[in-house]
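Structure first, commentary second.
The numbers here are math on the coordinates, done by the rules we state, and not lab data. What you see is a predicted model; the values in this text were computed from it and never measured. Positions of Cβ are backbone-derived with ideal geometry, glycine not excepted, and every protein chain shown enters the neighbour counts.
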């Protein structure tokens, strides 16, 4: 979500000609729904060649499209006394073992009970670091992904961690329970990820997506699934979930990318960020943190182990 209004300028290319304006904008502007963009068109916040048109306007090559996205309504994020599993804390950073089911920062439909609400109650000096809606947040985990996450307490730490993430020197290692029998013990999935061309709330491997690379190692094999370690080289939205589904090994319990069958009792995607490593933003000291599998995932893995030895 933008913290202030912005203007997007687009030029229609030859291969894009002939499609509806609202569809074109949905493909071009990541994170915005078709209905939201239609409202902007209807409000006159989208101009084509300097004039207002309708959502069904058929774009032509060379059209100049200007989109004005308004600033969001001010939102006050309230501190909430939510218990945190703190692995480490000092004046610069705080490392959390996030439980499954907790949203990291406020967004549409989730303005309470988030990690940010909890951090604001625990760390009184977070205000403004990383933005009003995401104070202290430099990276995130999906709501139903558990595991290790670091937040920052000041701009100095924020800049350092953000730079390390950009340089891809942060170690982000996951354990995933994936469906199917892997033909190889290890591999790399190098496939670009972008917004799904039809299901706009989902991500997918698409030709014009952003580069994405995931390394994986099969740690344990079961009858129809495997415990897999995944290491991120890039950090795209839903990257592990999309990549494993792309090679026909979706996560157990993943209702979005894994289908409706064989969830083995999991009510969420079986994905846990078990290891996080980075350099301390002030001292430069290498730091590593780990967290064991949460109860639900550990219980399913143990059940599969017992079935294997019968």
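A few notes on this one:
- Using the Cβ-Cβ distance between residue 184 and residue 288 with R0 set to 35 Å, the FRET efficiency works out to roughly 0.80.
- Anisotropy class of the range 6-69 from Cα gyration tensor, a/c 1.5 cut: rounded
- Added length on full extension, which subtracts the Cα-Cα distance from 0.36 nm per residue, residue 90 to residue 302: 72.8 nm
- In terms of its C-alpha gyration tensor, the chain has an oblate overall shape, because the principal axis ratio a/c (a ≥ b ≥ c, square roots of the eigenvalues) is not below 1.5 and a/b does not outweigh b/c.
- Relative to the longest principal axis of the Cα atoms of the chain, the long axis of helix 155-166 lies at roughly 90 degrees.
- As a proxy for reagent exposure, 267, 234 were ordered by neighbouring Cβ count within 10 angstrom, fewest first; the result is 267, 234.
- Choice from 203, 11, 266 showing the highest fluctuation, given a GNM over the chain with Cα pairs closer than 10 Å: 11
- The chain: relative contact order as a whole-number percent, Cα under 8 Å and 6+ apart: 14
- Fewest-first ranking of 182, 36, using other Cβ atoms within 10 Å as the exposure measure: 36, 182
- When each of 165, 276 is scored by the number of other beta-carbon atoms lying within 10 Å, the sequence from fewest to most is 165, 276.
- Relative contact order [Cα under 8 Å, 6+ residues apart], the range 6-69, whole percent: 52
- Computed from the C-beta positions of residue 61 and residue 6, the FRET efficiency with R₀ = 22 Å rounds to 0.30.
- Added length on full extension, which subtracts the Cα-Cα distance from 0.36 nm per residue, residue 198 to residue 15: 64.1 nm
- The gain in end-to-end length when the residue 231 to residue 121 segment is fully stretched comes to 36.4 nm, 0.36 nm per residue minus the alpha carbon separation.
- Percentage of interatomic Cα-Cα distances in the range 206-310 larger than 16 Å: 65
- Within a Gaussian network of the chain (alpha carbon springs, distance under 10 Å), most fluctuating of 271, 66, 119: 66
- Tensor-based shape of the range 75-166 (alpha-carbon gyration tensor, a/c under 1.5 rounded, otherwise prolate or oblate): rounded
- Summed over qualifying helices (DSSP H, 4 residues or more, each -39500 (n - 2.57)) and divided by its residue number, the chain shows a 222 nm mean residue ellipticity of -5500 deg cm²/dmol.
- The simple spin-label model puts a point 7 Å past each Cα toward its Cβ; for residue 49 and residue 260 those points are separated by 4.7 nm.
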